[in-house]
Amino acid sequence: MKRNDILQKLGYEFPKKYAKRVIVCTDAHNEADDQFAIVHHLLTPCENVLGIVASHYEYMTNAMCREAKKKGWSDERLQKHLQDNLYAPLYGSMDLSYGEIKKILALMKIDDISVYKGATASMDTAEIPESEGADFIIREALKKEQEKLYVCFLGAITDMAIALLKNPAIAENVVVIWIGGGKYPNGGCEFNLMQDVTAANIVMESAAEVWQIPNSAYTKVVVSFAELVTKFRTCGELGKYLTENLFRFHKDIALGGNETPVHRDAWILGDNPTVSVLAVESFGEDYALKKAPRINADYTYSDNRDGKDIRVYHRVHERFIIEDLAAKLSICYAK
């Protein structure tokens with residue numbers, strides 16, 4: 001089925017000539033919130049979603065190995081933990097994300113959205129990694145006769161950095177929307193940034209327009225478990241998968257993998273703000289223009305007076321995100 005066939009079920013239309021050209025880049029298999037964001041982008045008519053790029057997330061494996069060493073785990077125990085926990089693969093995280101994106105598209109019954117493979121690891125070497133996702137970004141950005149290209153990153157920003165290095169000229173025609181980075185002014189540990197600090201600095205130092213949504217903003221998008229049961233799980237196989245997959249992750253990883261639970265009766269849909277900043281835009285946005293910082297190896301920010309101005313969000317439309325996605329799922333997929 002075509003995406004437009006699904007969108008027609010919503011009961012309203014958005015003029016195609018005003019729709020923003022969007023690419024979604026996601027480490028979809030890493031956790032359980034990217035899936036909600038993918039669905040939300042595809043169910044939002046004011047976006048012309050050109051394709052989806054699968055991102056890597058191997059940082060989790062490295063972090064688990066370091067933590068296991070601190071705790072004195074044996075090699076056998078660590079290997080078993082990693083094998084049992086596919087959310088932290090020893091290798092192939094991008095391929096797992098690719099497969100998860102395909103799964104979501106199948107559950108949505110959408111067959112006309114292309115999926116591209118991104119870089120397999122962070123940019124730790126002098127060589128520019130291969131990435132068909134980055135090449136796809138370049139091709140779309142070079143269509144200068146059209147409107148700007150909005151590239152939404154729900155994880156590592158590696159593929160944007162690769163695209164900018166391979167063809168710096170695309171910077172004038174892209175807007176990079178990134179879920180990532182710590183709270184200003186100091187920054188600090190944040191999962192998406194920790195995936196690839198080098199790439200984040202490349203993007204910050206480029207001429208590309210950047211809208212950054214740090215963890216101080218995206219963590220405000222909280223959905224209760226009861227709300228997931230009543231509003232999401234009832235929406236066909238798609239809604240059931242989104243909900244049960246999140247509950248499974250909560251049980252096995254957030255509870256089972258931590259001595260102190262990081263979530264109890266709710267979850268953060270932290271990747272969905274890339275939808276709200278495009279769909280709601282100028283109504284009640286809470287952001288400030290700041291000089292793009294230099295990001296240090298410990299994930300903190302250093303002032304950079306010569307940096308370009310970037311948009312840094314303090315808050316997004318939290319209830320719009322939850323209510324809008326729930327309503328669209330109900331209209332399009334509830335039986």
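The values are calculated or read from the model by the stated rules, or taken from the named source; none is laboratory data. None of the values given here were measured: they were computed from a predicted structure. Using ideal geometry, Cβ is built from the backbone for each residue, glycine included, and neighbour counts are taken over all protein chains shown. All accessible areas refer to the heavy atoms of the entire protein, side chains included, with ligands and DNA or RNA removed. Shrake-Rupley method; radii C 1.70, N 1.55, O 1.52, S 1.80 Å.
With a 1.4 Å probe and every protein chain left in place, tell me how much accessible area residue 247 has, in Å² to the nearest 10.
50 Å²
To make sure I understand the rule: partners must be aspartates and glutamates, Cα under 18 Å from the Cα of residue 166, and not fewer than 8 residues away in the same chain. Which ones qualify?
124, 127, 130, 132, 135, 140, 196, 205, 209
Label the chain by shape, choosing from rounded, prolate and oblate, from the square roots a ≥ b ≥ c of the eigenvalues of the Cα gyration tensor; if a/c is under 1.5 it is rounded, and otherwise prolate applies when a/b is larger than b/c, oblate when it is not.
rounded
Give me the accessible area of residue 164, 1.4 Å probe, in Å² rounded to the nearest 10.
10 Å²
Under 27 Å Cα to Cα from residue 69, which lysines show up? Leave out anything in the same chain fewer than 8 places away.
The reachable lysines, counting only those whose Cα sits under 27 Å from residue 69, are 80, 251.
At 1.4 Å probe size, with the rest of the protein present, what percent of the exposed accessible area of the chain is carbon and sulfur atoms? Present the calculation step by step, with values, prior to reporting the outcome.
Numbers: 7530 of 14990 Å².
The value for the chain is 50 percent carbon and sulfur by accessible area.
Run down the lysines and flag those whose C-alpha is under 16 Å from the C-alpha of residue 328, throwing out any fewer than 8 positions away in its chain.
Partners within reach: 9, 109, 231, 240.
Given the -39500 (n - 2.57) contribution per DSSP H run of 4+ residues, what per-residue ellipticity at 222 nm results for the chain, rounded to the nearest 500 deg cm²/dmol? Show your work: numbers first, answer last.
Numbers: 13 runs with 127 residues, N = 335.
Helix contribution divided over all residues of the chain: -11000 deg cm²/dmol.
Sorted by accessible area with a 1.4 angstrom probe, largest first, how do 74, 206, 276 fall? Working shown, then result.
On the way: 74 55, 206 25, 276 0 Å².
Final ranking, largest accessible area leading: 74, 206, 276.
Within the set 183/291; 20/143; 117/183, which residue pairs have Cα atoms separated by over 22 Å? Don't skip to the answer; put the middle values down first.
Details: 183/291 14 Å; 20/143 13 Å; 117/183 30 Å.
Long pairs (Cα-Cα over 22 Å): 117/183.
What percent antiparallel are the DSSP beta bridges of the chain, to the nearest 5?
30 percent
Taking 7 Å along the Cα-to-C-beta vector as the label spot, tell me the residue 286-residue 114 distance in nanometres, rounded to one decimal.
A separation of 4.0 nm, rounded to one decimal place.
Give me the accessible area of residue 178, 1.4 Å probe, in Å² rounded to the nearest 10.
0 Å²
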